[in-house]
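Since the structure comes first, as structure tokens, the remarks are kept for the end.
Just so it is clear, none of the values below were taken in a lab; they were calculated from the coordinates. Remember, predicted model here, so these are calculated numbers, not experimental data. Positions of Cβ are backbone-derived with ideal geometry, glycine not excepted, and every protein chain shown enters the neighbour counts.
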Amino acid sequence: MLNLVINGKAVQAAAGSTILEVCRQNGINIPTFCYDPDLCSVGSCRICVVEVAGRHLFPASCVAPAENGMVIETESPAIVEARRVILELLAARHDFSCHICEKNGDCRFQDYCYRYGIKESPFSNEGRIVYAASDPNPFLERDYNKCIMCTRCVRVCEEISQERAISISRRGHHAKIAAAHDADLSDSTCVFCGQCVMVCPVGALTGKVSAGKGRSYEVEKVLTTCSYCGTGCTFELNVKDDKVVGVTSARSAELSPVNKGALCVKGRFGWDFIQAEDRLTSPLIKENGSFREASWDEALDLVASRFQAIKAGYGAKALAVFTSARISNEENYLAQKFTRAVLGTNNIDHCARL
């Protein structure tokens, strides 16, 4: 164990920990942009710098290893001033349209500007390129005018999704996140899993499907399990006015032990069918070549009578049941019990096996 002093308090930490990890384990909040516990640390944004006694340079706490005997200050006047300058530099190329931004109220840059009193930037934005906030794909909106170049989207695409669809293009004021040859995402290897949206700390990446339907403070987040396949991914349904308006990731291991927030394109963006105008809301029975609405009792009685007629006329082996990975284990168990005990056949299979 290592012995350190942080903000005048003696603490202990396991060898191999970073300064940021030690601070968070002891309830000390240090701002971060580029750091993500599930991604490799790069220490590029520098907003997490701390002051270490005896050192002239301020190390980035997310990559600096904790050492025995360290005396650390996380909010000294010098550190506060350093963070203010970093935020002012970022503000020089940032689009402050917070009032119409999807991430308003859930944006780290907005939070830290409020925390350190940054209202505007004293630095010139001469040479800054204003990008068109659009991309011709049905799922992701990319607004580079809000990007802070934390590269979390690049790293999550490479390390978790393993698609490597995007990278850093150009340098200096002209730097931006782009697909190969600056192509559209639909022409790249992107599978639109939305992992980049999950890790983006600002409003540079948002979902088109949920655009304008509710910001974080306007919605109720309901933890549930995705029904598209049998993996068991959990996520948060965003509910506003009794309607589902979006999906966000539940990233903690306790809330999302299977996927840790990761989702596929269907899980993250394929929820709008819930309010589809042509969605069936009652059973339909086909008579004389056309469908008519029926009650559940009438529909179930019809299905039961047909099952009985087939079994009486051709035997139980003429019936077969195929179950779905989109239902629960308990429902699949009931389906096989019904097939064997009621229909009297072992002709049952499952779509996941097929």
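Things to note:
- Phi angles of segment 322-335 translate, via the Karplus equation with coefficients 6.51, -1.76, 1.60 and θ = phi - 60°, into HN-Hα couplings of 10, 9, 10, 6, 8, 10, 6, 4, 5, 5, 5, 4, 5, 5 Hz per residue; Gly and Pro are given as x.
- The tail of the calculated P(r) for the chain beyond 36 Å holds 40 percent of all Cα-Cα pairs.
- Converting phi to 3J(HN,Hα) with the Karplus coefficients 6.51, -1.76 and 1.60 and the offset θ = phi - 60°, segment 172-178 yields x, 5, 8, 5, 7, 8, 8 Hz in sequence order, with x at every glycine or proline.
- Sites matching trypsin sites (Lys or Arg not before Pro) across segment 248-354 that sit in DSSP coil, with at most 10 neighbouring C-beta atoms within 10 Å: ARG279, ARG353
- Separation of segment 154-210 from segment 7-58 is 27 Å, based on Cα centroids.
- DSSP-assigned coil residues among trypsin sites (Lys or Arg not before Pro) in segment 33-95, each with at most 14 further Cβ atoms within 10 Å: ARG55
- Close amide H contacts of THR18 (hydrogens built in the peptide plane, cut-off under 5 Å, sequence separation of 5 or more or a different chain): ALA66.
- Choice from THR206, THR248, THR281 showing the highest fluctuation, given a GNM over the chain with Cα pairs closer than 10 Å: THR281
- Within segment 181-240, none of the trypsin sites (Lys or Arg not before Pro) combine a DSSP coil assignment with at most 12 other C-beta atoms in a 10 angstrom radius.
- Estimated FRET transfer efficiency (PHE291, LEU89; beta-carbon r; R0 56 Å; 0.05): 0.35
- Segment 280-354 shape via C-alpha gyration tensor axes, a/c threshold 1.5: oblate
- A straight Cα-to-Cα reach below 29 Å connects LYS176 with the lysines LYS103, LYS119, LYS146, LYS208, LYS213, LYS260, LYS266, residues fewer than 8 places away in its own chain not being considered.
- Between VAL11 and LEU4, VAL5, ILE6, the built amide H atoms are under 5 Å apart, and every one of these is 5 or more places off in sequence or on another chain.
- Top of ALA204, ALA276, ALA178 by mean-square fluctuation, Gaussian network on the chain, Cα under 10 Å: ALA276
- 5 angstrom amide H check on GLY246, placed H, neighbours 5+ away: ASN238
- When the chain is treated as a GNM with alpha-carbon contacts under 10 Å, the residue of ALA78, ALA320, ALA53 showing the greatest mean-square fluctuation is ALA320.
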